[in-house]
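Data block below; observations after.
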Amino acid sequence: MSIQQVKRNKRKVGEILLAQGYIDAQQLEHALEQHSSTGISLGTVLVKLGFIDEDTLNAVLGKQLELSYRKRIGEILVDQGYISAAQLQEGLSQQKAMNLPLGKALVKLGFIEETKLLDVLAAQLDLQHINLENFKFNQTITRMITEEMARSYKVIPLYENNGVLTVAMVDPTNLRSLDHIKFKTGKDVEPVIGTEAEILAAIGRAYVGGKESLSDLIGGDEDKDLVLDQAANDKTLKEEDGIGQGGDEEGRQIIKIVNLIVSEAIRLGASDIHLEPQERNMRIRYRIDGELMEQNPIPARLMVQIISRLKVLGGMDIAEKRKPLDGRAHIQYKGKEVDLRLSTFPLLLRSRGVVEKMVLRIIDPNSEIATIDKIGFSKSVYPVINQLIELPDGILLTTGPTGSGKSSTLYAFIQKVASPSVNVVTMEDPVEKNIPGISQGQINNLAGFTFAAGMRAILRQDPDVIMLGEMRDKETSEMAIQAALTGHLVISTLHTNDAAGAFTRLLDMGVEPFLVTSCVKGVLAQRLVRRICEKCKQQIQVPDVVLEGIGIRPGTPFYQGKGCMACNNTGYRGRLALFELLVPDEHVHKMILERKSSEEIKMYAIRTLGMATLRRDGLEKALAGLTTIEQVVSVSQAEM
């Protein structure tokens, strides 16, 4: 190794931190001076000088093992205590049969973890083992090589300094790959080492996330992970209204753009795609973990073609633009089936006249249904819920606004009660997930299959448990009550703000109070909040004035997400539910008969029955580090 190369390797730690923006050039030079005069490793110097904390250093670079001499990899692993001499001999004997390098053979045999092996290899080869999970990729650097080349060589460009391109590789000893990268980029190349899983995941993030303009969308290849319904695709190519002939270049570009919009939303875990025409462009927003995230807009000249393409895929009338339309599409993404529910809404723009806004709901019909023990019930609520869903008759209601997770809760309930000896029949609009062994009915108002008509038919199907998507009118509610009175357990939803509001809502529909008190066994209110990302969760101190305002002792620690690559720098990843369970007693029944207000019923439930409100359940989960105070306060009301 040349003297020049040795000097560059000593600076490698600092260069990576500098490229990532954790330190500046002046801090790096000062640390290098201290490193030269003291002999202490550069990373340690940076930490001691306070330029970077140890957690960040480890998160960005991984653990570096420093060896003052080189030895064979097997001997090093034995000396460092990672494997035994017997395991080394076994690995050597199996290596040829497996046709693998010794290190990979040892990993395959389960003698050592891949990350530990890479630490030792990095030290042996005098290379840096870098953790790519939190790496901030620069698209200008990433695009120096194509995604195809990156995946083929299992390599990804990280940063450039003084004409030298640093890349992360699975096998940095592959001189042929290094020479090819050097030829393609026209730059000197220096490798760092990373695991195959880390590098492939980084390639997925860096290249898919790099489509920042329409020219990128049009110029890139159509997403090969996304397979649209072939019949709809063929129909689109024949359409002449709005998107041009199938052989037309612009028509093919529209197909590419639509495919990329949908596939990117699925990749990011979005539940909805909003396509909103504006005067100058079409705004695109994805709803991720309950929050709308704005994406790069589409030029106005393509709005009509994109909406038309999606309407054809959804089996909708592309000539009808004056009234709202609904449609459905079935696609495959990376071999998995995904359902799309499409809805249009006519808008009036000053300069463009009537245009259509479209929202696509993304549904994974094969996603795993959360079980009742993992849905997020507190220790006090869980046993009561178990008792309620095992009742032979009665009504159990779940309440909350649209998008609060009520359907997921209902699915968890019916999955719990389903068995060969229990006949479960549902009526849903729409059926979002198919559950084996359950008879699931799809509401079709145009065909006359309404909730009320379905209730009459269900009672002739000899059910034990009935699930109604919603008790939305007096007729459906009264029929559900009659079903409960005749020995059936009915599980359904209502749109109310809290648990106590369900009783007054039923009374407002015109249901008699004595029927409500006879049948409703429990009401579960719920909301969804964003879950703190576990990768970057940190403890914080909330101002005392805020804690006092929500009834928490000053000085109580809470948590929030710092923001990392895993959560797209939002600090949140996924969602969890907050619950409020009200099981009425005789006094609540009396209040219902007297038509007392929901506030009075709620106050009694809190003070006498000890009901844990949405706010209290949320604060307990915030104290446990599952969500933030901001999320809890935004979806719940203060206790009375």
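Values as computed for the structure displayed
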{"read-out": "Pairs, first among the aliphatic types (A, V, I, L, M) in the range 443-463, second open to solvent by 40 Å² or more (accessible area, probe 1.4 Å) and not in a helix (DSSP H, G or I), C-beta under 7 Å, six or more apart", "value": "Ile443/Asp429; Ile443/Phe449; Ile443/Thr450"}
{"read-out": "Test for Cys519: is it open to solvent by less than 10 Å² (accessible area, probe 1.4 Å) and either farther than 25 Å from Val465 by Cβ or of a type in the set (Gly, Ala, Ser) (or both)", "value": "no"}
{"read-out": "Given (1) under 20 Å from Val632 (Cα atoms); (2) more than 29 Å from the chain's Cα centre (by Cα); (3) β-branched (Val, Ile, Thr), index of the condition Ile540 fails", "value": "(2)"}
{"read-out": "Residue that is nearest to Asp171 (Cα to Cα) [pool: residues in the range 136-160 that are aliphatic (A, V, I, L, M) and assigned to a strand (DSSP E or B)]", "value": "Val155"}
{"read-out": "Any hit, the range 590-605, residues being under 16 Å from Gly290 (Cα atoms) and buried (at least 21 other Cβ atoms within 10 Å of the Cβ)", "value": "no"}
{"read-out": "Filter result (in contact (Cβ under 8 Å) with a residue 60 or more places away in the chain, of a type in the set (A, V, I, L, M) and either surrounded by fewer than 18 Cβ atoms within 10 Å (Cβ to Cβ) or in a helix (DSSP H, G or I) (or both)) within the range 500-516", "value": "Ala502, Leu507, Val516"}
{"read-out": "Candidate set from the range 398-424 (those that are closer than 25 Å to Arg361 by Cα and outside any helix (DSSP H, G or I)); member that is most open to solvent (accessible area, probe 1.4 Å)", "value": "Thr402"}
{"read-out": "Residue check for Asn445: within 29 Å of the chain's Cα centre (by Cα), modelled with pLDDT under 85 and open to solvent by 70 Å² or more (accessible area, probe 1.4 Å)", "value": "no"}
{"read-out": "Failed item, numbered, when Ala197 is tested on (1) part of a loop (DSSP other than H, G, I, E, B); (2) modelled with pLDDT of 75 or more; (3) surrounded by fewer than 15 Cβ atoms within 10 Å (Cβ to Cβ)", "value": "(1)"}
{"read-out": "Any hit, the range 360-377, residues being at pLDDT 90 or above, over 30 Å from Asp464 (Cβ atoms), open to solvent by 20 Å² or more (accessible area, probe 1.4 Å) and out of contact with any Cys (no Cβ under 9 Å at 6 or more places or on another chain)", "value": "yes"}
{"read-out": "Verdict on Leu77 being modelled with pLDDT of 70 or more, surrounded by 18 or more Cβ atoms within 10 Å (Cβ to Cβ) and within 38 Å of the chain's Cα centre (by Cα)", "value": "no"}
{"read-out": "Which numbered condition Val120 misses (of (1) modelled with pLDDT under 70; (2) out of contact with any Asp or Glu (no Cβ under 9 Å at 6 or more places or on another chain); (3) over 30 Å from Leu18 (Cβ atoms))", "value": "(3)"}
{"read-out": "First in the range 518-540 and more than 30 Å from Lys562 (Cβ to Cβ), second anywhere and of a type in the set (Asp, Glu) and open to solvent by 10 Å² or more (accessible area, probe 1.4 Å), Cβ under 9 Å, 6 or more apart", "value": "Cys519/Asp393; Lys521/Asp393; Val523/Asp498; Ala525/Asp498"}
{"read-out": "Every pair of residues 6+ apart whose Cβ atoms lie under 6 Å, when the first sits in the range 176-187 and is under 13 Å from Val164 (Cα atoms) while the second is part of a loop (DSSP other than H, G, I, E, B) and of a type in the set (A, V, I, L, M)", "value": "Thr185/Met144"}
{"read-out": "Out of Ile52, Ile16, sole residue that is at pLDDT 80 or above and either of a type in the set (Val, Ile, Thr) or open to solvent by 40 Å² or more (accessible area, probe 1.4 Å) (or both)", "value": "Ile52"}
{"read-out": "Scan of the range 555-577 for residues that are over 16 Å from Gln631 (Cα atoms) and among the polar types (S, T, N, Q), ordered by number", "value": "Thr556, Asn568, Asn569"}
{"read-out": "Pair list, Cβ under 6 Å, 6 or more apart: the range 193-220 residue closer than 14 Å to Thr142 by Cβ, other residue at pLDDT below 75", "value": "Lys211/Leu217"}
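Yes/no per residue for (1) surrounded by fewer than 20 Cβ atoms within 10 Å (Cβ to Cβ); (2) modelled with pLDDT of 95 or more; (3) part of a helix (DSSP H, G or I):
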{"site": "Leu524", "(1), (2), (3)": "no, yes, no"}
{"site": "Glu534", "(1), (2), (3)": "yes, no, no"}
{"site": "Val546", "(1), (2), (3)": "yes, no, yes"}
{"site": "Gly555", "(1), (2), (3)": "yes, no, no"}
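The values are calculated or read from the model by the stated rules, or taken from the named source; none is laboratory data. These numbers were taken from a predicted model, which means no experiment stands behind them. Ideal geometry is used to build each Cβ from the backbone, glycine not excepted, and the neighbour counts take in all protein chains shown. Heavy atoms of the whole protein, side chains included, go into the accessibility calculation; ligands, DNA and RNA do not. Shrake-Rupley method; radii C 1.70, N 1.55, O 1.52, S 1.80 Å.
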